[in-house]
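See structure below.
Taken together, the values in this text are just the output of simple stated rules run on the coordinates, not laboratory data. Keep in mind that what you see is a predicted model, and the values were worked out from it rather than measured. For neighbour counting, all protein chains shown are included, and Cβ atoms are generated from backbone atoms with ideal geometry for every residue, glycine included.
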Amino acid sequence: MKIYIHTDLEGITGVLRADQVPTDGPEYRQSCENLMADLNAAVAGAFDGGADQVTVLDSHGGKGENFLLDLLDGRAVNDTKPNGKWWGILDGSYDGTMFIGAHAMAGTINGFLDHTQCGLTWYNYSLNGRRFGELAQWATVAGHFGVPMLMVCGDQAACAEARAFFNPIESAAVKQGLGRNRATGYPPEEARAKIREAAKRAISLVGAAQPFRPIFPAEVKLKTTRADFADEMAQRWPDAERLDARTLRRVVADGLDILF
């Protein structure tokens, strides 16, 4: 049984303030250490549940420079995206996917560091009229390959979002947002025990959880925070229709083409 784990940084245990995330901040290294501890808890749980292979992807910031590989569980396969695709080597050979360190979509009340792709430029993103965040985006890509979402960990808002999109789903909340830029966290040992147990339980969902598959062709809309950001997006995506000063629309054929 093969499991693929996608990661982000905002939803990790111990990351409780906005200034702990920037790469040039004094606590960024500690945040990466916390990332590895949460990831290893999920890897261990997946193996506890019966996985034979666990592949992991460093996806925060899109550059894959957040993993501290000397701290990674030696049983995990690190996906370096040799094919150059943002979803890495994920394909139909995997039985399920997990999302570790998730945050809620843009506009979520008490969602710690809530955003969708880029908090500076993206205001709202929707697919077929439903607002999506990065959880549903990742599940759509996985669903393209027939791979279901099995487990999510992050703040309470992210876990609630996961339950709204996916059923059945296992989740492990490691903190509670206090507005956007602060959170209160659970003790690290407790949080990681929850992650490991949720990942272990999630393996039993293989066969019961179905891939997340929106209807395609699909209408994708992006509302930016300012008109000049929409200007830039329109230049990068010549197939996009400009609906108003801040809104772009595309019609996409499948789940691998859902981003702007």
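State the antiparallel share, in %, of DSSP beta bridges confined to the chain, rounding to the nearest 5. The antiparallel proportion sits near 45 percent. Residues considered: ARG180, ARG192, ARG236. Largest GNM mean-square fluctuation over the chain, using C-alpha springs under 10 Å, is found at ARG236. Here the chain yields Rg over Rh of 0.95, to two decimals, using C-alpha coordinates and the Kirkwood radius. Toward the positive end of the charge dipole of the stretch 1-141, with +1 on the Cβ of Lys and Arg and -1 on the Cβ of Asp and Glu, the farthest Cα among PRO26, THR116, ALA46 is that of THR116. Sorted fewest first by neighbouring Cβ atoms within 10 angstrom, THR7, THR80 come out as THR80, THR7.
Label sites at ARG182 and GLU232, each approximated as a point 7 angstrom past Cα along Cα to Cβ, lie 3.1 nm apart. Comparing PHE216, PHE166, PHE145 in a Gaussian network model of the chain (Cα springs below 10 Å), the most mobile by mean-square fluctuation is PHE216. Shown for TYR94, TYR125: other C-beta atoms within 10 Å of each C-beta, ranked fewest to most, produce the order TYR94, TYR125.
Full extension of the segment from ASP257 to LYS85, taken as 0.36 nm per residue of separation minus the current Cα-Cα distance, would add 60.8 nm. Here LYS223 is the anchor, and the lysines within straight C-alpha reach of less than 26 Å, apart from those fewer than 8 places off in the same chain, are LYS63, LYS85.
Only DSSP H runs of four or more residues enter the estimate; each adds -39500 (n - 2.57), and after division by the residues of the chain the mean residue ellipticity at 222 nm equals -8500 deg cm²/dmol.
Based on C-alpha pairs under 8 angstrom that are at least 6 apart in sequence, the stretch 82-165 has a relative contact order of 38 percent.
Taking square-rooted eigenvalues a ≥ b ≥ c of the alpha carbon gyration tensor, is the stretch 103-206 rounded, prolate or oblate, where a/c under 1.5 means rounded and, failing that, a/b exceeding b/c means prolate? It comes out oblate by the Cα gyration axes.
For the stretch 151-168, putting each phi into the Karplus relation 6.51 cos²θ - 1.76 cosθ + 1.60 with θ = phi - 60° gives couplings of 7, 9, 10, x, 7, 4, 5, 5, 5, 5, 4, 4, 5, 6, 9, 10, 8, x Hz, in residue order, rounded to whole numbers and with x for Gly and Pro. Maximal additional length on extending the GLU65-CYS118 stretch stands at 17.3 nm, based on 0.36 nm per residue less the C-alpha distance.
Here the dipole of the chain is about 620 debye; that uses its Cα centre as origin and unit charges on the Cβ of Lys and Arg (positive) and Asp and Glu (negative). Given the options HIS115, HIS103, HIS60, which has the most mean-square fluctuation in a GNM of the chain, springs set between C-alpha atoms less than 10 angstrom apart? Fluctuation is largest for HIS60.
Taking the Cα centre of the stretch 1-152 as origin and assigning +1 to Lys and Arg Cβ atoms and -1 to Asp and Glu Cβ atoms, the resulting dipole is close to 480 debye. Sorted ascending by nearby beta carbons within 10 Å, beginning with the fewest, ASP239, ASP70 become ASP70, ASP239. Under a model in which nothing but the beta-carbon of Lys, Arg (+1) and Asp, Glu (-1) is charged, the stretch 82-223 shows a dipole of about 220 debye around its Cα centre.
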